[in-house]
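One structure is given here, and the rest of the page talks about it.
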Amino acid sequence: MSTRSELVDGAVHEDVFDRPWPDIEARQLEAARELFVERRDQIPVLRRRADDSGVTEIRTLDDLVPLLFAHTAYKSYPPSFVAQGRWDRLLQWMQTLSVAKVTDVDVEGVTDVDDWMERLRAAGHMVLATSGSGGKVSFLNHTREDAEKKRRHYRRMSGWPFVKADNSRVVFLTSPSRGPNSAIEAAQNSAAVWARPGEAHFLTDEPLRLADISASAALNQRMAEGTATPAEIEAAQAEARARGERMSAAMDVFVDKILAHRHEPIVVSALWAQHMSIIERARARGIPDGGFHPDSLVSAGGGLKGVALPADYREQVDRFYGKVIRNNAYGMTEMAQTCPKCQCGRYHRPPGLIWLLLDRDGERRLTADDGVDGVVEGRFAFLDLLYEGRWGGLISGDKVTIDFKDCPCGRPGPTILDTISRYAQAGESDHIGCAGTIDAYIRGAVAA
């Protein structure tokens, strides 16, 4: 077994965070060295970055920094490829970031971006898309084996350190049950590991379609430019009203099911705004705060992204569900191995995930010596050793604080504090030193 496999598989051990991992940094470095040797000639953009930065081998963690991709790399395709249905060109773009050959996927007759993703998935490329809240989605390739290992990792991490996922519960998830979005994949994983047969309840079975998101973003752009026609705007508003009515009716049914099961251990996962919608409906039915089974798991997350909520929305959610288990984890679409939160509110590192704390521009690695008493703030980056379908090295847009000492919960460190924020808000540009260079590589490869 390779060092990389040993570390990735280590996440399934019962005591993965309790036991010390002797020489973990040295073993992670060895795994990174193995992975770089394998991926360098498989992924064109990685090879180009290595050539230009003069990195021929991974001798220290500092050697990884110039090899990390900016998070914007996965949406660096020209928008015209989607808008004009140039699906073969979009495949060519994806090839620059993928291990396996994708340019031989049959795109004859593809009608929209959802159809394009279906063709890729049918060929074994499990491409995921981000939410596209900024108007443009990212596309991230990975393999079926990657997807299976992500689910295995989720089964072990979800509920840690309070309870183990054992397919014994009624599960409520406020996402659609189908779609290529990463949030839907997470909800499907939650249903797969927590729900007993027939008891996974999604808000809707109406699939999320990327083509609808793209069309909406394009219309918003035309409205900003003053080129959208009144008929286009009226049609979009009518569709939005109809969808809103369907979702409101679905939420009524969904809330009734939650309330009917609230006295048994259940799982409820929703965004903050959706939790507030659940509370509003419950109060309209005369349901008081509290009363949920104490072994229930309730998770909340997601940014507000323009949604207006009362200032005390978190406190209202806490009061409504009462003393339940609040499991949480730090992760992102680009990361397969999430970092679960302990009883002390800190996020722990799976052995197969190499944390790299960088300066604001993402150009220099920070260590414990850059902070006070081993506590350092910086930009979060990582190398996820799990992926076979793409390079797992990424510079995120997140500002985090890492304590390089052991956690107050008694487990060996380092840990991320629960103070995570973004360097740039939605709609703002986020300066990462290497981003422009990587985008230029990709544009050059696509244009060749």
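The values are calculated or read from the model by the stated rules, or taken from the named source; none is laboratory data. All figures in this text were calculated on a predicted structure; none of them were measured in a lab. Cβ placement follows ideal geometry from the backbone for every residue including glycine, while neighbour counts extend to all protein chains displayed. Only protein heavy atoms, including side chains, enter the accessible area calculation; ligands, DNA and RNA are left aside. Shrake-Rupley method; radii C 1.70, N 1.55, O 1.52, S 1.80 Å.
Kindly provide the set of residues from the stretch 311-334 that are under 25 Å from the mean Cα position of the chain (by Cα), closer than 18 Å to residue 266 by Cα and not in a helix (DSSP H, G or I), ordered by number.
Within the stretch 311-334, 324, 325, 326, 327, 328 qualify.
Of the conditions (1) modelled with pLDDT of 90 or more; (2) open to solvent by 50 Å² or more (accessible area, probe 1.4 Å); (3) not in a helix (DSSP H, G or I), residue 303 clears all except one; give me its number.
Condition not satisfied by residue 303: (1).
May I ask you to list the residues in the stretch 351-397 that are among the charged types (D, E, K, R) and in a loop (DSSP other than H, G, I, E, B)?
359, 360, 361, 363, 364, 373, 388, 390
Within the stretch 106-120, can one find any residue that is basic (Lys, Arg), open to solvent by 50 Å² or more (accessible area, probe 1.4 Å), in a helix (DSSP H, G or I) and in contact with a helix residue (DSSP H, G or I) (Cβ under 9 Å, 6 or more places away or on another chain)?
Yes.
Within the stretch 62-76, count every residue that is under 20 Å from residue 142 (Cβ atoms), touching a helix residue (DSSP H, G or I) at 6+ places or on another chain (Cβ under 7 Å) and open to solvent by 10 Å² or more (accessible area, probe 1.4 Å).
Here the count works out to 2.
Would a scan of the stretch 280-288 turn up a residue that is touching a residue at least 60 places away in the same chain (Cβ under 8 Å) and open to solvent by 40 Å² or more (accessible area, probe 1.4 Å)?
The answer is no, given that none of the residues of the stretch 280-288 is touching a residue at least 60 places away in the same chain (Cβ under 8 Å) and open to solvent by 40 Å² or more (accessible area, probe 1.4 Å).
For the stretch 398-410, what are the residues that are in a loop (DSSP other than H, G, I, E, B) and open to solvent by 30 Å² or more (accessible area, probe 1.4 Å)?
Scanning the stretch 398-410 gives 404, 405, 406, 408, 409, 410.
If we scan the stretch 29-38, do we find a residue that is open to solvent by 30 Å² or more (accessible area, probe 1.4 Å), assigned to a helix (DSSP H, G or I) and at pLDDT below 95?
no
Counting only residues that are β-branched (Val, Ile, Thr) and part of a helix (DSSP H, G or I), which one in the stretch 1-26 is most open to solvent (accessible area, probe 1.4 Å)?
12
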